[in-house]
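Rule-based calculations on the coordinates, nothing more; no lab input. Source: prediction; values computed, not measured. Using ideal geometry, Cβ is built from the backbone for each residue, glycine included, and neighbour counts are taken over all protein chains shown.
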Amino acid sequence: MRYDKNGIFLHSSCSALLKTLFFLALMLVGTISCRWLPGGEKKQPVRIGAILSLSGTGSHLVDVRDAMVMAAEEVNAQGGIDNRKIELIVEDSKSSPVEAEKIFLRLEEQEKPPLLYVSTLSSVGMALAPLAARHQVVLMGLVTSAPQFAEQGKWVFRDYTNSQEETRVAQRILDTLKVRQLGIVHLDDPYGNSVAKLLGQSFAATGGSVTAVAFAYDVTDLTPQIETVRTMQAVYVVGLVGHIRLAIRQLRQAGYTGHLIAASGAANPQITEMAEAEGVFVGIPLVYNEDFLFARQFKNNYQARFGKPFSHQAANGYDCVRMIAGLLEGNEVSRQNLQFLLSHGFLYSGVQGDYELKAGSQEIMMPLYPARIDHGRLRLSQ
Amino acid sequence: MRTSRKIMAGFLVTLTLTAALAFYADFASRRSLEEAIGQESLILAQETMKRIDLAIHDKIMYVWNYAEQAWILTFIAKSNQSFAALDSAEDFMNRMEREWIAAPPDTPSPLMGELQDNELSRRLRQHLINFFVANYGYSSFPNLFVTNRYGAVIAATGRTSHYRQDKESWWQTARQQGISLEDIAYHAPSDSYGIAVALRLDDSDGNFLGVVRAIVNVGPIVKTAEIATGRYQSARIRLLTRDGKIIYRTRPYRFLQDFSYTDLLSRLQGEKGFFIGNEQNVQRFYSYARSTGKDHYPGFGWILLVSTDADEVLASAEVLRTRITVVSILLIMAGMVFALVLSRTINRSLAALTAGAARIGKGEFDFRMELAGNDEFGQLAGTFNSMVSNLQEVTASRDDLNAEIAERNKAEKALRESENRFRATFEQAAVGIALVSPRGDWLRVNRKLCDIVGYPEDKLLQLTFQDITHADDLDTDLEFHRQMLAGEISTYSLEKRYIRLDGAPVWANLTVSLVRDEDGAPAYFVTVIEDIEERKNTEQERDRLSMELARKNHELEQIIYVTSHDLRSPLVNVQGFSKELSTDVKRLLSLWQNRNIPEEIRQQAEPLLNEDIPESLQFIEKGVAKMDSLLSGLLRLSRLGRASPTLEECDMNLLLDDIVATMDFQLKQAGTEIRVDALPTCLGDRDQLNQLFSNLLDNAMKYLDPGRPGRIRISGVQDNDRSVYCVADNGVGIAREHQDKIFEIFHRLNPTGSEGEGLGLAIVNRILDHLDGKIWVESEEGKGSKFYVSLPGGTGGNRA
């Protein structure tokens, strides 16, 4: 028993009982802390290389990045993919295939390269497809409509609508409108040419006449093309959002009074909010259906988060991340296994509607539905 | 156990129990929460399943109600009538069937195209498909077609596999039972998944008109129902067939993918239930409900499995738990700190009280507790201080009492010891001790006194000292006695005689002191009586012997004087006759020379005359001279005994100068150096001092070492009232064994080698006896001697 100079009991000389109690208390506190305090096994994150068009001609696709970030945050907030966080590595391709390739190769040289890549724009996707095949990594093409994209081998998947679906919904609109003469103004790229070809064949099969005219990627004046089709009962425009905007504006300026039908890109707010877009028919994904509660929830969250209207391109990115997360949940996280899971096909109900990837297919099909721009809003048509 | 430990232990136990209680509360609340969540989740699953059942049922009824519209029934009735009008409806249907089947997949047959585009088909498409897609984003009927009573398709929203359906079991069942429902399956013609429902249509009279068949897509239905479960972001919906095939799933799935291989399916027992399971190491809540159908819709035993991430579901509980944990840890830590501080505070107070009590226990009653505050310790300290004050007073009284008692005990002890010592001293003293009253009564006497005076104690105590005091000494004694009582003297000693009981006187040395009482009045005399009878006798004998010795000495001196004086006459005669005889011999020898004396006689007589007789005469003369010297010495010695010295202060410097001058010839002849320092004066007889120092110098001369030049030094110092002189020489010195004998009469160091009769130092010694002087010698053989002479000092100091 020892006391200090003031006669105070020195605790270093606690009895064995006291020490035991103290030790037990510490152990209990430690046990409770370990049990109660947040923690747990930390796993390697699922890295998604997002080579997106954040600038350049595809800069309007910046929404894809925002929605992907939002989806990743939501998944991570829910515990990630089996306790693996999603780590988005967002890179700006500047809408340039060359730049995209450089980014891809740089990311591949990292110690921990991404599990998969996501790209936007057909041209970028097409440039990356051979690299994905070479490096045996899944490449998801968002807002990538080029028909050839889904033909780049087993590692390349399109997660968007395609020219067939564009054609299907356009034909359905044309049927409803009982159009017999159709003018097609299309981008002279694989995607535009594909849609124009399929729609022409489909429409022609119903007995109608078709006049197709192409325009260049960097077109600034569509007057010649419009002059070609302005006498048609209906005009179908397929291209990028900017192209569609230009076409609609110039058609209206030219006094065209027939039915205007546009590819799904026209569902973008940049077009729907145009006064000249009033009455334009467009094939849209289900996310624009305001009665679809699931989609509405996403839209509200997106608009609250970023303070801007959502787009189906954004929904495409959102669904892509959620879909990949769901696909990997409970499964081995590896490049090979992801490709294996994709190759077996699946159904997935996203904000865009029911995606379907048939076994052996490279097309994760986003269904489109006929709609009409009505006072800046998209209304599904009967 | 120390209080501080008890406090710490108490706090630790309490905190431990609190933590354990919190742990148990968390465990129990988690269990309760899990149960509640499970029940809620189960209700959710049941409600969702019911909603799905109801939605499917409603879809069925919607189709049924829609199909029973009059115009549709009329449309079907017309078809039946037209078929009835045919020669052979059977042949027509077979033909159409072949045509129907033969049509390429992508290109409908003309009949098929016609049927899909007739009024009924368009209305079905518009009202049951497009309307829903436009308004809800989806349609629950991917494909519908109607048959007449013959089983032939009369309207279709899409492709059908066959034209005539009358052979199909579902058609038969619908016709017979009114409704046919097939479990979910993939329907290739419409490329859709769903329940195939076939409904019998009758006219108003109940006659069978036909059958409407629709594929009910349950995906959108479940999707819609799933939204209701959206309260948890991690909620997962699985709709399974009875045998575990996936109908719908929140995450990507393959239609009718087999789910039965999982462990989960085995846990889906009964109509409903909930449990907590792990899926890919993630803990999830599972609730399930089996479809019970509604009315016509049987439900097919589908299982709706709703799972939610436990972490999300229990997020609020986890937050609460985290807060409780943090608060608990903080409380425990704060409790520990508080317990520590409290224990230290209490311990400090206790330690201060303990230390204070210890100090007070050691007798520091001036110590006061200094504990601030009005708590129990402060009050206890105050009470303690009050108690100490009282204790201090009591202790002071006690100490005084104890001191007094101790003092008394000490005094008593001292008294007892004193009494004992006194008694022992009194009783065992070698002298007689008595306490005598002022009147002279013997109050107390010891045994020695009784022995001295020869009285028994009891008899002596009846007497006074006057009774036994010798009459010749009584007056003296009484005078002293009176003086003491008068306070003139405090003590006195007296040699007096007591008369013993046997009548004999006894000498005693009496020492008396008076003890007075507190008032100063004489209490008693303390008388110490020493028996000096023997001493007195010895003194008397000594005096007698001294007188006898003096008389003898005187007689001896007289004898010596007389003898010396009387012997000088015959000695002179001997000396004279020997000289006469010598002259005669010389004359005879001269005569002999001139006579013819026979040679024989000559030869015999001449040696006698020339050698033997002169030699004998020479010996006689020497003996006479020696005898004369001896007698002279004895005469001087005897005169010293008879002559009284004349004491006067003598200037020893002059005295020694005279002596040295007298001996100057001898000193020079012997080559002896003499030095006389300044000498103090002394009190003595000048002649005798002259004799004394002459003898000492003469003695020094006699015993100089012939091997070295003689040096003699005479010095002197004043030592208090004495003058001490030293005669030092560098002579042969005196052996230690002779140093005590040299002052004896007739003692000679070298009887054959030196002159003298051995009286010099004896005379010196005898002179000093007369002059109250002393002499001693320090000598080292071979180096010299120092004779010291101490004499009563004079008034003068050393000569300058």
**Q.** Part-to-part distance (alpha-carbon centres) for region B:509-543 and region B:266-325, which is given in Å
**A.** 132
Q. By how many nm would the segment from B:Leu21 to B:Thr511 lengthen if fully extended, with 0.36 nm per residue of separation less the alpha-carbon distance?
A. 166.2 nm
(Q) Cut-off under 14 Å on the C-alpha distance; same-chain residues fewer than 8 positions from B:Lys626 excluded. Which aspartates and glutamates are left, in chain and number order? (A) B:Glu755, B:Glu757
**Q.** Histogram of C-alpha separations across region A:164-284, 5 Å bin width, %
**A.** 2, 13, 26, 27, 22, 8, 1
(Q) Neighbour counts of other C-beta atoms within 10 Å: give me B:Tyr455, A:Tyr160, B:Tyr248 arranged from fewest to most. (A) B:Tyr455, B:Tyr248, A:Tyr160
Q.
I need the calculated FRET efficiency for the pair B:Arg542 and B:Ala403, taking r as the beta carbon distance and R₀ as 51 Å, to the nearest 0.05.
A. 0.30
Q: Starting from the coordinates of the alpha-carbon atoms of region B:539-627, obtain the Kirkwood hydrodynamic radius over all distinct pairs and give the value in Å to one decimal.
A: 16.7
Q) When only DSSP loop residues count, what GluC sites (Glu not before Pro) in region B:352-413 have their Cβ near at most 13 other Cβ atoms within 10 Å? A) B:Glu364, B:Glu370
Q: Grab the beta carbon distance between B:Leu463 and B:Arg551, set R0 = 35 Å, and tell me the FRET efficiency rounded to 0.05.
A: 0.20
Q) Cα-based Rg of region B:430-529 per 2.2 N^0.38 Å, rounded to two decimals? A) 1.00
Q: Order by neighbour count: A:His312, B:His738, fewest other Cβ atoms within 10 Å first, most last.
A: B:His738, A:His312
**Q.** Proxy reagent accessibility, fewest Cβ within 10 Å first, across B:Lys668, A:Lys43
**A.** B:Lys668, A:Lys43
Q) Just how far, in whole angstrom, is region A:108-187 from region A:284-304 if you go by their alpha carbon centroids? A) 23
Q: Check cross-link reach from B:Lys223 to the lysines: straight Cα distance under 28 Å, and skip same-chain residues fewer than eight apart.
A: A:Lys85, A:Lys299, A:Lys308, A:Lys358, B:Lys50, B:Lys59, B:Lys245, B:Lys272, B:Lys294
Q: For helix B:315-361, report the angle its Cα long axis makes with the longest principal axis of the Cα atoms of chain B; keep it between 0 and 90° and round to the nearest 10°.
A: 20
Q) Once the piece of chain linking B:Asn65 and B:Ala678 is laid out straight, how much longer is it, given 0.36 nm per residue of separation minus the C-alpha distance between them? A) 203.0 nm
Q) What value, in deg cm²/dmol to 500, does the helix sum -39500 (n - 2.57) over DSSP H runs of n ≥ 4 give at 222 nm once divided by the residues of chain B? A) -17500 deg cm²/dmol
Q: Taking 7 Å along the Cα-to-C-beta vector as the label spot, tell me the B:Lys167-B:Arg636 distance in nanometres, rounded to one decimal.
A: 20.1
Q. So what's the angle, to the nearest 10 degrees on a 0 to 90 scale, between helix B:686-702 and the longest Cα principal axis of chain B?
A. 70
**Q.** Expected-Rg normalisation [2.2 N^0.38 Å, Cα atoms] applied to chain A
**A.** 1.30
Q) Which value in Å is the Kirkwood Rh of chain B over different Cα pairs? A) 46.5
Q: Grab the beta carbon distance between B:Ala84 and A:Arg249, set R0 = 56 Å, and tell me the FRET efficiency rounded to 0.05.
A: 0.40
Q) When DSSP beta bridges are limited to those with both residues in chain A, what percentage is antiparallel, rounded to the nearest 5? A) 30
**Q.** Cα→Cβ-extended label distance, 7 Å offset, between B:Arg602 and B:Leu415, nm
**A.** 12.2
(Q) As a test of the formula, what do you get for chain A when each DSSP H run with n ≥ 4 contributes -39,500 (n - 2.57) and the sum is divided by the residue count, at 222 nm and rounded to the nearest 500 deg cm²/dmol? (A) -13000 deg cm²/dmol
Q.
Between helix B:376-428 and chain B, what is the angle of the helix's C-alpha long axis to the longest principal axis, kept within 0 to 90° and rounded to the nearest 10?
A. 20
Q: Report, in whole Å, the centroid distance computed from the Cα atoms of region A:333-367 and region B:353-390.
A: 88
(Q) Using a Cα-Cα cut-off of under 16 Å, which lysines could be cross-linked to B:Lys552, ignoring same-chain neighbours fewer than 8 residues away? (A) none
Q. Put a dot 7 Å past each Cα toward the Cβ at A:Gln201 and B:Gln618; how far apart are the dots in nm?
A. 19.8
Q.
Checking a compactness column here: for region B:300-393, what do you get for Rg(Cα) / (2.2 N^0.38 Å), N being the number of residues?
A. 2.34
Q.
Principal axis extents for the protein assembly as shown, Cα atoms only, whole Å, descending order, please.
A. 248, 95, 63
